[in-house]
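Report on the following structure.
The values are calculated or read from the model by the stated rules, or taken from the named source; none is laboratory data. None of these values were measured; they are calculated from a predicted model. Here the Cβ positions follow ideal geometry from the backbone for every residue, glycine too, while neighbour counts run over all protein chains shown.
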């Protein structure tokens with residue numbers, strides 16, 4: 001290989017592995033459809049999991065370009081970099097297919113015939129034989145498009161770079177002369193009155209009534225690990241931490257994350273950040289301890305359905321109260337800023353989020369399309385390359401006018417990263433889209449506070465299927481009074497719901513946990529969110545969520561009933577059940593776990609014993625269908641759809657019991673892939689292991705059935 005060839009190969013490689021400004025231009029030019037789906041590539045054998053280089057050749061005289069690309073591809077393979085080469089023959093269809101023949105000859109002459117039509121290989125397509133929409137898809141997701149009309153590799157890259165540089169915009173920095181102003185030592189400490197607190201442990205304590213948990217931290221005194229809190233409704237939720245870390249989701253906390261989930265307690269990097277900047281002094285800081293703290297206290301209050309972050313710096317008291325409305329799919333923050341000085345304060349506020357709009361950023365980076373609706377004071381984004389739950393629009397807004405925005409993460413963070421973003425030094429954000437780039441959603445607003453003035457600002461993050469719904473909800477929470485009314489509504493809901501059952505024991509700590517926090521956690525984390533800080537699953541577990549609802553019969557038996565009916569719809573015709581599944585995608589895992597199916601019977605009897613309502617046995621639901629697992633196949637993740645067969649809840653239970661009566665040579669039921677203890681997953685997966693625990697559980701179920709029915 002020539003030195004100049006290697007130079008261009010290395011340049012292309014940098015665009016594959018790192019930032020790719022030339023792809024940005026391509027995406028903005030090629031975007032035509034609402035959503036592009038990876039599965040549409042599979043009929044051509046193209047995985048779509050690897051970077052794709054598309055080569056377009058129309059004239060036989062330009063077929064040398066294919067030769068150049070194949071040599072570059074060989075260079076990438078030598079460096080263990082996997083790509084997929086898609087060569088599109090654009091020659092008009094005729095009996096003499098000169099371009100096709102030249103392409104095939106180039107592949108064979110380079111001894112690459114064995115790499116055709118396989119993952120990480122070479123694909124040749126005729127433009128006249130494939131769907132126009134699939135051509136658009138290939139051009140949309142391609143890392144680089146090489147068009148032979150523009151010459152060889154060198155000319156193509158030069159053309160793309162020059163086109164990008166013509167539109168590149170540099171934003172200047174603000175001209176501020178930093179002033180050092182000594183702050184009065186009047187820091188906020190919500191743990192100062194220890195006599196009224198419960199179970200103080202140097203980091204935090206319960207409030208006197210046990211309904212809030214108070215934490216105080218600073219850069220010298222961090223928690224030993226992350227203490228998180230979950231706030232959610234049935235469609236939308238967020239995990240927050242004392243450092244203002246965590247993430248948010250819409251409908252499914254795994255398949256449809258709005259912001260980035262990161263469960264590293266050592267760093268607890270936030271994906272939703274509020275920065276403040278004092279324009280007079282040039283000082284900037286984050287509202288939470290991470291990622292840009294100052295030397296003062298950060299106070300946190302976790303409540304039932306809300307949380308608060310309290311901080312004071314630069315003479316400004318800051319209190320951010322966050323909640324998720326009872327029904328609307330958004331996260332609302334009411335930020336109260338109070339100027340405690342005799343001087344006028346001019347501030348800038350930056351709200352920054354790292355959007356995912358899918359499962360993880362590796363799959364969505366470069367495909368998030370951002371728009372600013374000035375009339376609605378709204379920034380919204382869509383992921384244009386999505387397989388599951390494709391109809392999602394994520395938006396951010398505020399009660400204050402958005403002055404500038406960006407979707408370009410690298411432009412916002414620059415060399416400073418999230419701990420000292422370049423954007424905080426700029427005159428304004430660059431008002432650029434995120435398409436083709438590492439994405440962010442960020443806006444800048446300006447705030448003026450007269451001496452001792454108090455101002456409230458709403459900060460909104462939400463998601464919905466239709467853009468018009470996003471605009472309507474954002475408009476609602478751009479009004480501070482609406483935010484306050486909705487917060488009261490949420491607090492009253494939890495007060496009434498959790499107040500239905502109060503338990504009194506000689507141990508006060510037990511009373512605090514049982515009279516609010518335990519039930520709140522079951523509802524919000526287990527049933528609605530199906531997430532925590534460390535695990536973001538998003539799926540229903542057949543046994544898990546049934547077990548979660550046992551204690552809820554004392555508060556709302558209807559929750560238990562609905563859970564039973566839901567789970568019965570995930571039983572196969574043969575009697576076994578999905579170990580876990582995602583409602584939104586209808587995908588789940590079929591296994592040989594032996595205990596899952598019996599929890600249905602256990603909970604049905606539990607419901608009947610408590611309510612006396614035997615009519616549940618007559619409720620009818622459909623079974624699901626799917627290929628039965630092979631003898632040495634432990635599990636299969638697949639889309640399982642309802643069959644045309646249905647059965648009553650009674651019949652579902654009987655089918656479960658009959659399916660469980662599978663005994664081994666010692667007369668005990670076979671354990672299968674596990675018997676409630678997942679750690680025993682290899683004891684019986686060969687079809688021989690047996691379970692004493694399962695014998696006890698099965699006998700208990702059968703006895704309860706015959707005693708109560």
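Of the residues 537, 532, the single one that is in contact with a helix residue (DSSP H, G or I) (Cβ under 8 Å, 6 or more places away or on another chain), in contact (Cβ under 8 Å) with a residue 60 or more places away in the chain and surrounded by fewer than 19 Cβ atoms within 10 Å (Cβ to Cβ) is 532. Summed over the range 603-636, the residues that are touching a helix residue (DSSP H, G or I) at 6+ places or on another chain (Cβ under 7 Å), within 25 Å of residue 592 (Cβ to Cβ) and not in a helix (DSSP H, G or I) give a count of 1.
Of everything in the range 448-468, what is part of a strand (DSSP E or B) and either at pLDDT below 95 or closer than 19 Å to residue 324 by Cα (or both)? Give them in sequence order.
Residues satisfying the conditions are 456, 457, 458, 459, 460, 461, 462, 463, 464.
Can you pull out every residue in the range 458-468 that is touching a residue at least 12 places away in the same chain (Cβ under 8 Å) and surrounded by fewer than 20 Cβ atoms within 10 Å (Cβ to Cβ)?
First, the residues of the range 458-468 that are touching a residue at least 12 places away in the same chain (Cβ under 8 Å): 458-467.
Once the filter is applied, which keeps residues that are touching a residue at least 12 places away in the same chain (Cβ under 8 Å) and surrounded by fewer than 20 Cβ atoms within 10 Å (Cβ to Cβ), the range 458-468 yields 465, 466, 467.
Quick one: residue 162 ticks every box in (1) touching a residue at least 24 places away in the same chain (Cβ under 8 Å); (2) within 27 Å of residue 430 (Cα to Cα); (3) assigned to a helix (DSSP H, G or I) bar one, so which box is it? With (1) touching a residue at least 24 places away in the same chain (Cβ under 8 Å); (2) within 27 Å of residue 430 (Cα to Cα); (3) assigned to a helix (DSSP H, G or I) applied to residue 162, the lone miss is (1). None of 643, 585 is in a loop (DSSP other than H, G, I, E, B) and either over 26 Å from residue 696 (Cα atoms) or free of Cβ contacts under 8 Å to residues at least 24 places away in the same chain (or both) except 585. Among the residues of the range 545-584, those that are buried (at least 18 other Cβ atoms within 10 Å of the Cβ) and under 23 Å from residue 502 (Cβ atoms) comprise 548, 549, 552, 553, 560. Scanning the range 469-505 for residues that are in a loop (DSSP other than H, G, I, E, B) and buried (at least 18 other Cβ atoms within 10 Å of the Cβ) turns up just one, 478.
Residues that are in the same structural domain as residue 300 (by TED's automatic domain parsing) and farther than 26 Å from residue 232 by Cβ: which strands (runs of 3 or more DSSP E) entirely in the range 314-401 hold 2 or more of them? So that I can check it myself, show each step before the final result.
Working: elements: 316-323, 330-339, 345-353, 355-358, 368-373, 378-383, 393-398.
Those strands (runs of 3 or more DSSP E) span 316-323, 330-339, 345-353, 368-373.
For the range 275-282, the criterion of a residue being within 23 Å of the chain's Cα centre (by Cα), assigned by TED's automatic domain parsing to the domain that holds residue 226 and either buried (at least 20 other Cβ atoms within 10 Å of the Cβ) or without any contact (Cβ under 8 Å) to a residue 12 or more places away in the chain (or both) is satisfied by at least one position.
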